[in-house]
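Each reported figure results from applying straightforward, stated rules to the coordinates on display, with no laboratory input. In this text the structure is predicted, and so the values were computed from the model without any measurement. Every residue, glycine among them, receives a Cβ derived from its backbone with ideal geometry; neighbour counts consider all protein chains shown.
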Amino acid sequence: MRGVLNINKPSGISSYDVIRRIKRIFKDITESGRTSPSIKLGHAGTLDPLASGVLLILFNEATKISRFLNEQKKEYIAAIKLGIKTDTDDITGKIQKENELPELSINQIEEILSEFECEISQIPPVFSALRQQGQRLYNLARQGKIYRPLPRKVTVHEIELKNFISPILKIRTIVSKGTYIRSLARDIGDRLGCGATLIALTRTKIGSFNIDDSLKLEELTLDLIQKHLYPISLALHDFDTVYVKDEAIKKLLTGQVINESDLIKSDLTQLSSPKVQICDSAQKVLAIASRIDSVLKPIRLIYADIPKT
């Protein structure tokens with residue numbers, strides 16, 4: 001059993017709580033006397049407990065493509081409360097300041113939102129999973145040790161006003177890897193001159209994975225998992241795919257570059273994506289490679305797919 005499962009995480013639980021519940025399904029199968037498949041679980045794209053929506057659960061060898069899934073664009077629907085600032089940049093934190101709201105028109109809000117639709121320099125929340133001195137920032141913050149993270153470049157590909165019923169602003173946004181929607185809400189509030197904090201968040205897409213196709217956690221069964229598990233090749237459908245000859249598979253094991261002569265009917269000059277799936281003749285994903293000029297350099301092996309002979 002290997003692949004990617006699209007789960008609709010409910011608000012109020014952590015991303016790892018979802019993994020715990022799936023592990024429980026497999027434990028119950030074992031305790032019932034049925035044979036439970038070997039399983040290693042991970043996830044791509046952590047969601048805060050406040051947030052709901054698309055969470056990709058990775059089974060066995062699919063855990064090795066986590067970083068590639070994380071690099072894909074993500075879409076969110078966010079509800080933001082204007083006139084309030086919190087220490088966590090969301091409604092779960094302590095209120096630091098409350099402000100009167102200025103008179104705001106839809107046109108004014110849309111104009112300011114458009115300023116964020118580009119590459120921006122963003123300061124992550126003080127309460128975040130980033131590390132400082134080997135510890136998570138949220139653990140340090142709870143100890144009273146406040147470290148202000150350094151700003152970093154992220155991209156807001158799209159941002160759209162869904163509605164505004166004062167003091168609640170609702171937006172849809174598509175962002176790059178590493179973007180904190182809590183920080184985006186905070187910065188929008190600052191730009192509007194009244195402060196803001198995130199009060200609700202739903203992730204509606206990661207790459208090609210859509211919330212409309214996600215499974216509800218409370219309805220999950222082993223049969224549903226097996227039926228809706230996406231193969232690794234489909235999970236990375238945006239990558240070009242090439243097929244390697246059987247006699248060249250050993251080159252992948254030693255990290256050697258793959259030449260066009262190692263491939264089955266492929267013209268490397270026709271590839272469009274910078275990263276490529278290398279598959280065997282049975283369409284199993286053997287490795288992820290970077291395309292460099294006229295060769296493919298393996299950057300991640302999917303070991304279980306590669307014969308060790």
Query raised in the report: If all Cα-Cα distances of the stretch 161-231 are sorted into 5 Å bins from 0 onward, what percent lands in each bin, rounded to whole numbers?
Result: 3, 11, 19, 19, 13, 11, 10, 7, 4, 2, 0
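Identify the GluC sites (Glu not before Pro) of the stretch 38-95 meeting these criteria: DSSP loop state and at most 16 other C-beta atoms within 10 Å of the C-beta.
Working: sites: E61, E71, E75; in loops: E71.
Sites meeting the loop and neighbour criteria: E71.
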Query raised in the report: Among L271, T86, G193, whose Cα lies farthest out toward the positive end of the dipole of the chain, if unit charges sit on the beta carbon of Lys, Arg (+1) and Asp, Glu (-1)?
Result: T86
Query raised in the report: Want the number for D190 to S14: 0.36 nm per residue separation, take away the alpha-carbon distance, what's left?
Result: 60.5 nm
Requested in this report: About the Cα centre of the stretch 239-305, how large is the charge dipole given +1 on each Lys and Arg Cβ and -1 on each Asp and Glu Cβ? Please answer in debye to the nearest 20.
Outcome: 200 debye
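Once you have the Cα-Cα distance between D87 and K73, take 0.36 nm times their residue separation minus that, and quote the gain in nm to one decimal.
2.3 nm
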Report summary line: Listing K9, K85 by rising number of other beta-carbon atoms within 10 angstrom, fewest first, gives K85, K9
Query raised in the report: Once label points are set 7 Å from the Cα along Cα→Cβ at both Q270 and K40, what is their separation, rounded to one decimal in nm?
Result: 3.5 nm
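Counting only helical runs of four or more DSSP H residues, what would the 222 nm mean residue ellipticity of the chain come to if each run contributes -39,500 (n - 2.57) and the total is spread over all its residues? Intermediate values should be presented prior to the final figure.
On the way: 8 runs with 65 residues, N = 309.
Helices in the chain give a 222 nm mean residue ellipticity of -5500 deg cm²/dmol.
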Requested in this report: Evaluate the distance, in nm, between pseudo-label points positioned 7 Å from the Cα of M1 and of I25 along their respective Cα→Cβ axes.
Outcome: 0.7 nm
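Quick check: convex hull of the Cα atoms in the stretch 239-305, volume per residue, rounded to a whole Å³?
Spread over its residues, the Cα hull of the stretch 239-305 gives 72 Å³ apiece.
Nothing charged except the Cβ atoms of Lys and Arg (+1) and of Asp and Glu (-1): what's the magnitude of the dipole of the chain about its Cα centre? Round to the nearest 20 debye.
Details: 45 positive and 37 negative charges, 270 e Å.
Here the size comes out at about 1300 debye.
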Query raised in the report: Which far-off residues, 5 or more places away or on another chain, put their amide H under 5 Å from the one on H43, with H placed in the peptide plane?
Result: L58
Query raised in the report: Relative to the longest principal axis of the chain, what angle (0 to 90°, nearest 10) does the C-alpha long axis of helix 181-192 take?
Result: 30 degrees
Query raised in the report: If you look at just the Cα atoms of the chain, how large are its Rg and its Dmax in Å?
Result: 22.3, 71
Report task. Please name which of H157, P10, I302 has its Cα lying farthest along the dipole of the chain towards the positive end, using unit charges on Cβ (Lys, Arg +1; Asp, Glu -1) and the Cα centre as origin. Result -> I302
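Write out the trypsin sites (Lys or Arg not before Pro) in the stretch 206-309 meeting two conditions: DSSP loop, and at most 14 other Cβ atoms within 10 Å of their Cβ. Can you show the working numbers first?
On the way: sites: K216, K227, K245, K250, K251, K265, K275, K284, R291, R300, K308; in loops: K245, K265, K284, K308.
Taking the stretch 206-309 and a limit of 14 other Cβ atoms within 10 Å, the loop trypsin sites (Lys or Arg not before Pro) found are K245, K265, K308.
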Report summary line: Each label sits 7 Å from Cα toward the beta-carbon; between K162 and D293 the label points are separated, in nm, by 4.9 nm
Report task. Any aspartates and glutamates with Cα under 19 Å of the K227 Cα? List them, leaving off those in the same chain fewer than 8 positions away. Result -> D28, E61, D212, D213, E218, E219
